[in-house]
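Engineer: Pasting in a structure now, in structure tokens, and then I'll have a few things to ask.
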Amino acid sequence: MRRHLRVRDWRHLIADRNSTNQPQALRTQELQAVVDQEFVDVSLADYRGKYVVLFFYPLDFTFVCPTEIIAFSDRVEEFRERDAEVLGVSVDSEFSHLAWIQMTRDEGGLGDIEYPLLSDLKKDLATSYGVLAPDGASYRGLFIIDKEGVVQHSTINSNAFGRNVDEVIRVLDAIKYVQENPDEVCC
């Protein structure tokens, strides 16, 4: 069965932003996350002053998700070299995230991940970003947030295919270039 993101869903995302073009959930909401196989409270506000690549995926233990989650983890240093942090989010619990991380990659798990996986169990973050699907899972949304906490780029993919890390890095580089060179254009 195909699910389509309707235009009104996208308008909802834009309409919910305040004057700084930022969803309310970016401010201080804390979520449970798995970091180095431990549970920690994470707030997106903790990352102010850095670029953030925030990506949503439907559910733990689904077949497309590990490929892109592992790809982001394998290349996390490339993001950090660009003063950016990567955060993955799903509507699963932190316990589900931990179980998936503790499974080896050969068994269909993630193995150790080099960035936090956030639990949006109440679905507040997914709702705020306009990526909550009717079935209660998340669409594959990706948001690049600048150092001031402003969403500079957003994409929402079909749940049938993942994102390309090279493209995310290219867009991040373009955002940084334009912000550092405001009188120029970047292709």
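Engineer: Taking only the range 2-60 into account, find how many residues are closer than 27 Å to LEU110 by Cβ, modelled with pLDDT under 50 and assigned to a loop (DSSP other than H, G, I, E, B).
Structural biologist: Going through the range 2-60, the residues closer than 27 Å to LEU110 by Cβ turn out to be 3, 5, 23, 25-26, 29-47, 50-60.
From what's left, modelled with pLDDT under 50: 3, 5, 25.
Of the ones still in play, those that are also assigned to a loop (DSSP other than H, G, I, E, B) are 3, 5.
Qualifying residue count for the region: 2.
Engineer: Out of the residues in the range 169-184 that are in contact with a helix residue (DSSP H, G or I) (Cβ under 8 Å, 6 or more places away or on another chain) and in contact (Cβ under 8 Å) with a residue 24 or more places away in the chain, which is surrounded by the fewest Cβ atoms within 10 Å (Cβ to Cβ)? Give the derivation first.
Structural biologist: First pass over the range 169-184, keeping only residues in contact with a helix residue (DSSP H, G or I) (Cβ under 8 Å, 6 or more places away or on another chain): 169, 172, 184.
Now restrict to residues that are in contact (Cβ under 8 Å) with a residue 24 or more places away in the chain: 169, 172.
Numbers: ILE169: 17, LEU172: 21.
Among residues in the range 169-184 that are in contact with a helix residue (DSSP H, G or I) (Cβ under 8 Å, 6 or more places away or on another chain) and in contact (Cβ under 8 Å) with a residue 24 or more places away in the chain, the one surrounded by the fewest Cβ atoms within 10 Å (Cβ to Cβ) is ILE169.
Engineer: For SER158, only one of the following conditions fails: (1) surrounded by 16 or more Cβ atoms within 10 Å (Cβ to Cβ); (2) in contact with a Lys or Arg (Cβ under 8 Å, 6 or more places away or on another chain); (3) farther than 30 Å from GLU38 by Cβ. What is its number?
Structural biologist: (1)
Engineer: Among the residues of the range 106-164, which ones are of a type in the set (Phe, Trp, Tyr), closer than 21 Å to ARG75 by Cβ and not in a strand (DSSP E or B)?
Structural biologist: Hits for the range 106-164 are TYR115, PHE161.
Conditions tested, residue by residue: (1) surrounded by 14 or more Cβ atoms within 10 Å (Cβ to Cβ); (2) over 16 Å from the mean Cα position of the chain (by Cα); (3) free of Cβ contacts under 8 Å to residues at least 24 places away in the same chain.
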site: GLU30; (1), (2), (3): no, no, yes
site: TYR51; (1), (2), (3): yes, no, no
site: PHE61; (1), (2), (3): yes, yes, no
site: ILE70; (1), (2), (3): yes, no, no
site: ARG82; (1), (2), (3): yes, yes, no
site: GLU85; (1), (2), (3): yes, no, no
site: GLY88; (1), (2), (3): yes, no, no
site: VAL91; (1), (2), (3): yes, no, no
site: LEU98; (1), (2), (3): yes, yes, no
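Engineer: For the range 100-145, what are the residues that are among the small types (Gly, Ala, Ser) and surrounded by 15 or more Cβ atoms within 10 Å (Cβ to Cβ)? Explain how you work it out, then say what you get.
Structural biologist: Of the residues in the range 100-145, the ones among the small types (Gly, Ala, Ser) are 108-109, 111, 119, 126, 128, 130, 133, 136-138, 141.
Hits for the range 100-145 are GLY109, GLY111, SER119, ALA126, SER128, GLY130, ALA133, ALA137, SER138, GLY141.
Engineer: Another question, then. Which ones in the range 30-57 are of a type in the set (Ser, Thr, Tyr) and within 13 Å of LEU117 (Cβ to Cβ)?
Structural biologist: TYR57
The values are calculated or read from the model by the stated rules, or taken from the named source; none is laboratory data. The structure presented is a predicted model; accordingly, all values stated were derived computationally and were not measured. Note: ideal-geometry Cβ built from the backbone for every residue, glycine included; neighbour counts use all protein chains shown.
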